[in-house]
1. Run the dipole for the chain about the Cα centre, Lys and Arg Cβ at +1, Asp and Glu Cβ at -1, nothing else charged, and hand back the magnitude in debye, nearest 20.
2. Can you pull out the GluC sites (Glu not before Pro) in the stretch 1-82 that DSSP calls coil and that have at most 10 other Cβ atoms within 10 Å?
3. For the chain, with every protein chain kept in place, what is the accessible area per residue (1.4 Å probe, Å²)?
4. Counting only residues 5 or more places away or on other chains, whose amide H sits under 5 Å from the amide H of ILE106 once H atoms are built in the peptide plane?
5. If you take the Cα atoms of the stretch 252-358, find Rg, then find the Kirkwood Rh from the mean of 1/r over all pairs, what is Rg/Rh?
6. Quick one: Debye curve from the C-alpha atoms of the stretch 322-428, no solvent, what's log10 I(q)/I(0) at q = 0.19 Å⁻¹?
7. Pick from ALA266, ALA107, ALA368 the residue whose mean-square fluctuation is largest in a GNM of the chain, springs joining Cα atoms under 10 Å.
8. Along the charge dipole of the stretch 322-428, Cβ charges K/R +1 and D/E -1, which of HIS383, SER401, LEU367 sits furthest on the positive end?
Amino acid sequence: MTYGGTCLNVGCIPSKALLHASEMFAEAGHSFGELGIQVSPTLDLPKMLEHKDKTVKANVDGIAFLFKKNKITGITGTGTIKAAGTVEVAKADGSTETLSAKAICIATGSEVAGIPGVDVAFDGQVIVSSDDAIALPKVPKRLVVVGGGVIGVELGSVWSRLGAEVTVVEYLGKLLGSMDADVSAQFQKLIVKQGIEVKLNAKVTNVVRNGEGASVSFEPVAGGAAETLEADVVLVATGRRPFTKGLGLEELGIATDRVGRVEIDAHFQTSVPGIYAIGDAVRGAMLAHKAEDEGVALAEILAGQAGHVNYGVIPAVVYTSPEVASIGRTEEELKADGIAYKVGKFPFTANGRARAMLHTDGFVKVLADKDTDRVLGVHILGHSAGDLIHEGAILMEFGGSAEDLARTSHAHPTLSEAVREAAFAAFSGKPIHA
Ligand code: NAI
């Protein structure tokens, strides 16, 4: 047993270790030459997986260390809530321990949801979820990814860079469904250029083992002839659902919504007083930092302080190459809500640092209120987008305007200047360098 849940053990951390390593491999093979470095890299997959495992270990050990340092008692076992204030833990040796507490917090996260309406026989080797797709012992020749959401494009990118022929089959008419459509369209062009095949508006209706491999059947969402793809490995990445089995929710009468999320009030309290819930088990984005923010807010509330999470300002990042990052509202959402807005855009091709680094793909897009200039959303496709997005996060947290960002001095030459230029474009109608 290790601490850290999905994020540290089989999610964010291992996938980022593989994304970084495979990106380095791809750059060494494709763009080092242009920088005047002649190399022909060869893949050592066991070593790459070892790097991933070491990264995971350092992180989960870090949590155990912090528990000790902060005098937090960790108990290993399966917990069931027996009543408000009582948790029973079943341990591996068959014994049980009953714990009493003033407050109980459900933070049990989520599990792989599978494909709605399709019986998927996950076997961990050929038909896999993200849990196993971070540990494939060899590079599959053909990888079919069902679902073009975050996991699909991140892990699809990893194995494509390492040599797999990757096809992503997505139900919607765009990849990364919740992202700004401009960003999503440009992102799709870039990953297709990288060699990933994308099939949109395609509903997967069956995934079955077929000898050593598997077949994936799908049909056009609008109707039409079905198609079948053969694969050596199929990654099913069609979403996750709250993991609350065996917790005792039904017995206690803790209310859940139609997709099984624990219902909570504005202070994270469930329908049973004294029992709280946070993270993937409740409504909102299934993101580690959202869960973390909720955990901090709940601790503050329980300590008698005013804990609060600003759900309108939670960044979302896809760690592909280039990265995709977003905060606040998309252009589509503003249109749907009838909010008058201004758009400022700036491409990385016009940024000196990006040119020096050969990372000129993508752009920054700032959306601001048409009348007040208040920034309503920032969307970035580009190298280090996941770091750059925090300019928008801090600005929006303080209710800042595009002019505030545009008039803030930015070091030259940095990628951040592209964020400033997009803010200039939003507030004055034109970036400085245009
Ligand atoms: P997702 O919800 O992001 O994407 C699932 C995709 O599968 C959707 O685009 C959906 O339209 C598609 N789909 C569903 N049924 C289908 C069918 N029958 N045929 C074809 N396509 C179908 O879910 P994903 O990628 O599994 O990720 C799960 C959760 O984990 C998400 O909430 C995500 O935000 C989170 N996550 C976040 C990461 C990050 O922050 N970088 C990394 C990985 C996961």
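1. Computed about the Cα centre, the dipole is about 440 debye.
2. Sparse-neighbourhood loop GluC sites (Glu not before Pro): none present.
3. Per residue, the chain has 49 Å² of solvent-accessible surface.
4. So ILE106 has HN proximity to TYR276, ALA277, ILE278.
5. Rg/Rh: 1.11.
6. -0.84
7. Greatest mean-square fluctuation among the candidates belongs to ALA266.
8. Farthest along the dipole direction, towards plus: HIS383.
The values are calculated or read from the model by the stated rules, or taken from the named source; none is laboratory data. Fair warning: this is a prediction, and the values are worked out from it, not measured in the lab. Quick reminder, even Gly has a Cβ in these numbers, built from the backbone with ideal geometry, and neighbours come from all protein chains shown. Protein only, heavy atoms only, side chains kept; ligands, DNA and RNA dropped before computing areas. Shrake-Rupley method; radii C 1.70, N 1.55, O 1.52, S 1.80 Å.
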